[in-house]
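Just so you know, all these numbers are worked out from the coordinates, no wet-lab data involved. This is a predicted model, so every value here is computed, not measured. As a convention, Cβ positions derive from the backbone with ideal geometry for all residues, glycine included, and neighbour counts pool all protein chains shown.
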Amino acid sequence: MHVLQRSIYYLSLWLGIVLFSFILFHAVPTDPARAVLGPNAGEEQVQSLRIRMGLDQPLPKQFTSYLTEVLQFNFGTSFVDNRSVQVEVGQKLKVTLALIAISLVMTLLYVGMTITFEAFNIAIIGRLLDFIWVSLPTMFSGLLIALLSAHYYPFTQFSGSLSRWTDLLFLLPPAFVLALYPMAILSRIIRDEIAKVRHSQFVLAARANGLSKRDVLYQHILRNAMIPMLAALANQIPMLFTSTFIIEIMFSIPGIGSLLISSLLQRDFPMLEGIVILNGLVVILVYMVFELLYPIIDPRIKSSNAE
Amino acid sequence: MSNLLKILQKTNRQQSVEADCSQNLIHIKTKYNSLFFIVAIALLAPLLTACSDTKKENQETSQFVIGIAAEPERLDPLTMKNPKTFILSWQIYEGLLGLDDEGLIAPRLAEKWETEDFKTWTFHLRENVYFQSSEIFDNSENTRKMTAEDALSTYTDYCSADAYSSFLLTDSIKGCADYNAGKADSVEGLQVIDEHTFQITLLKPEPFFLNRLTTAWIAIFPKEARSAAHKESWGLQTAVGTGPYRLESKTDSEIILVRNEKYWDKSRQPAIGKLIFRVIKNNQIRLAELNKGTIDLMVVPNTLFPTILNQDGSVKEEYKKDFQTEVYTTYNSNMIGFNLTSMTDVHLRRAMNYGTNRELIVKKLLFGHADVTGGTVPPGIRGYVPPFKEDALFDPVLAKKELQNSKYDGEEIEMLVHEVANSEQVGEIFQSQMKDLGVNIKLTKMDYNSVIGRMIKGDAPMFGMFFDYVFSSPEPILLNLFTSAKRPVPNFMQYSNVKVDKAIEDLRRIGDSTEANKQCAAIEAEIMEEVPAIFLYREKYLTLYSKKFSGLSINQHGHFQFELVKSVQ
């Protein structure tokens, strides 16, 4: 029942995204037909293209036919050069997801490092690093690392489609920039949670039973401290998508952010709608995965859902 | 150390090391003797390094890497709209005609042409031209000869409503406008005479018709490209023309072109085997890559001028030492337009025109890398000499006088600026100059497409605009921008003058280009009496490229003739 309720919630959320993106892009005052044909085309030619694009139809009718297509997972073709929206967004999303995945791995490794610092009572190092990471604006850290990479990093060539193994190495510096903020936030959360749980009765009981400090940390405290961190991690995912837009431009990565900006400037409505809707779908799926993870880590959540 | 020895011994037991130096293979086999192995490696190391260096060097000089600032568009000549794509598309595609280094018409796929009345033009196509090899051709050789049928199908496509460049032909070729509007199934004025003869009939005589065809937008491509089987991949994974290079692969990060071994012009057979276009969006990083040697050429954007140029516009010593420079200019024009239906006071327009210090704009913004202009027709286009004196363009005294004669009462005048071609920065300098004159300018920043939309609607009193002309003579420029019939597009200023309309129409009867240039200058002077726009400058572009190569030549259509580039070695 709970799963059904959540599925209906997420489906309605996705349909809301579809409606919102449609209204948003159709509210933009510029004429896409003119944007496609440029400033030199005659008004007659522009009007004829407008009709072919279906832009002469009333907005509700345009939305109904669009929704019908979207529900069949058909996002149409680009206004600008007739590329298939699914194919284009799919390719770009793959690159962006790879970038986000690498940055998440980096974030988790860093969080692991923070926990180790806690275990060895040297949390001050983690706090200092967190302070540095959180103080660096993405624009600054991105530009700095991009310039350093251009000078000293050997893997500066990207095939554009993750077809070479060096492409993953190319993504390391931008993924690091992307990971800086989540690293600082998540490590701070895990540190605070550990401190909070450390004073619980069961921790005292475990210590009284003769378990070492490290055993208590790894076996008891961490499991309880994990839920808030997972929730925070889930909240970071949409932020990571937003941050990639800047980072992709800085590092010349042909991901979804670059596509969004070029499509926006060209008034390529089908592409823009496809990006927002498919991006929204990915974020919703990520949330769903995290919701499934919570009861696995903490069975109390499962029983409260059942109630 | 002991670990290192263990690794060496383990490697030693694996017994073989292969060193590949071009075709010479050296095999070394050793057994159980780590000392021998270490000595062998030590002896071979310089040899291996030398081999690898030679290989790297060969590779470096047999390929030329160009850093570009944005992902190129789909390489479909019908939908290409950004002249910045030409750096790439010129390598693959060719038209019937091109431009030589002096900006005069040069034969390309058409070997010769003739006309008796400037209305019917007959083109004799070369017989030895093959398309680049591609799977779109259904034969064992993966290629075929280009014929007049290809010219017919291509030109028909350019007349269609799908073609971005149709505006070049619709008001010129007979039946092109009807085909564009969907009123005809074919273009009446296009005809195949025989396998290698193609004829175009115009609506009216046009001695300057050939100057419409020299751009990369009107390139010939095979009719198979439009077939259902290849439509999806055309311009993305496939692009086939007759140019010196053929497309090997294209992603949004990297485009690789390789030499077209069957290129028809043996005198221009490319010396460099491979061209790689790498997309590096950040200007600083592109420059860093050039310094590092991972790219061989970049066009310097204005934002890097303070880094690369001295105040007087010359290249700094450190860059001169490491790179060659090539300055080129296209047929472009940067201007501030008036909407003449709302900005009706000619004295106010003249005051603003005389009060604009173009030299200062060019110096501040472009470190002098532009020629100031008084009119829209680029100086030098087919030998054109503008009727304006550079030093008389800025006249603050006359500007004040004209302002006094105007009805201007101090109200704010809106000027639209956008993200293209320094529009915002030009607007800011112009605004301050107008403030000194006593005219209030309010800048509104919008994106380029929104500015175009408002210009066409006519609700923008003033707007910053940039033109990169694809025509190669003055007549079509004047015809498009200043005739009454072309309002509101591309006559954005809504300029209308019966006398000028007639004078431009009369250009159709002048076959001699020197005489036509004189007439165009007289027309331009007449137009500028009414100041429909303040024409500012014609931009020059600076290119930095590696000293490992020579011979780069760029013509006035922005055609980088990479086939002429050679390795210095």
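Cα axis of helix A:256-265 to longest principal axis of chain A: angle in degrees, 0 to 90, nearest 10?
It is inclined by approximately 30 degrees.
Toward the positive end of the charge dipole of chain B, about the Cα centre and with charges on Cβ (Lys, Arg +1; Asp, Glu -1), which of B:360, B:335, B:565 goes farthest?
Of the listed residues, the answer is B:565.
Could you give the size of the charge dipole of region A:85-306 about its Cα centre, using +1 on the Cβ of each K and R and -1 on the Cβ of each D and E, expressed in debye and rounded to the nearest 20?
Working: 15 positive and 12 negative charges, 140 e Å.
My answer is approximately 680 debye.
Taking H as built 1.01 Å from N, whose amide H comes closer than 5 Å to the amide H of residue B:68, not counting residues under 5 places away?
B:278, B:279, B:280
Go ahead and run the numbers for FRET between residue B:431 and residue A:51, Cβ-Cβ distance against an R0 of 45 Å, rounding to 0.05. Could the numbers behind the result be given before it?
Working: r = 41 Å, r/R0 = 0.90.
With R0 = 45 Å, the Cβ-Cβ based efficiency is 0.65.
Put +1 on the Cβ of each Lys and Arg and -1 on the Cβ of each Asp and Glu in region B:96-249; which of B:236, B:97, B:128 then has its Cα farthest toward the positive end of the dipole?
B:236
Using a 10 angstrom Cβ neighbour count of at most 11 plus a DSSP loop assignment to flag exposed chymotrypsin sites (Phe, Trp or Tyr not before Pro), which longest range of chain A is free of such sites?
A:166-307
Can you find, among A:64, A:16, A:29, the residue farthest towards the positive end of the dipole of region A:2-71? Put +1 on the C-beta of Lys and Arg, -1 on that of Asp and Glu.
Going by the Cα projections, it comes out as A:16.
Which pairs break 22 Å Cα to Cα here: B:84/B:274; B:84/B:518; B:292/B:321? Don't skip to the answer; put the middle values down first.
Working: B:84/B:274 20 Å; B:84/B:518 31 Å; B:292/B:321 14 Å.
Table pairs above 22 Å Cα-Cα are B:84/B:518.
In whole angstrom, note down how far apart the Cα centers of region B:430-498 and region A:20-70 are.
The two parts, judged by their Cα centres, are 25 Å apart.
What net charge do the residues around residue B:120 carry, taking every other residue with its C-beta under 13 Å from that of residue B:120, with Lys and Arg at +1 and Asp and Glu at -1? Display every interim value, and only then the final one.
On the way: positive: B:119, B:174, B:204; negative: B:114, B:116, B:117, B:188, B:206.
Summing Lys and Arg as +1 and Asp and Glu as -1 gives -2.
With charges set only on the Cβ (+1 for Lys and Arg, -1 for Asp and Glu), what does the dipole of the protein assembly as shown come to about its Cα centre, in debye to the nearest 20?
On the way: 85 positive and 94 negative charges, 721 e Å.
Value, rounded to 20: 3460 debye.
Using every pair of alpha-carbon atoms in chain B, split the distances into 10 Å bins beginning at 0 and state the percent of pairs per bin, rounded to integers.
Percent of pairs per bin, in order: 3, 15, 23, 23, 17, 8, 4, 3, 2, 0, 0.
In what order do B:371, A:31 fall by count of nearby beta-carbon atoms within 10 Å, going from fewest to most?
Values: B:371 17, A:31 21.
Listed from fewest to most nearby Cβ atoms, that is B:371, A:31.
How far apart, in nanometres, would the label points at residue B:262 and residue A:204 be if each is projected 7 angstrom from Cα along the Cα-to-Cβ direction?
8.8 nm
Within 10 Å, at most 10 other Cβ atoms, and a DSSP state outside H, G, I, E, B define an exposed site. Report the longest part of chain B free of exposed GluC sites (Glu not before Pro). Write down the numbers at each step before the final one.
Numbers: sites that count: B:116, B:141, B:411.
So the longest stretch without any such site is B:142-410.
Work out the length of the dipole vector of chain B about its Cα centre, built from +1 on the beta-carbon of each Lys and Arg and -1 on the beta-carbon of each Asp and Glu, and round it to the nearest 20 debye.
On the way: 64 positive and 75 negative charges, 392 e Å.
Approximately 1880 debye in magnitude.
For chain A, take the convex hull of the Cα atoms, compute a quarter of its surface area, and give me that in nm², please. Could the numbers behind the result be given before it?
Working: hull surface 82.4 nm².
Result: a mean projected hull area of 20.6 nm².
Take the cross-link list A:94/B:540; B:281/B:435; B:174/B:499; A:92/B:183 and give me the ones stretching past 29 Å between alpha-carbons.
A:94/B:540; B:281/B:435; A:92/B:183
Working only with C-alpha atoms, what are the Rg and Dmax values of the protein assembly as shown, expressed in angstrom?
Expressed in Å, the Cα Rg and Dmax of the protein assembly as shown come to 32.0, 109.
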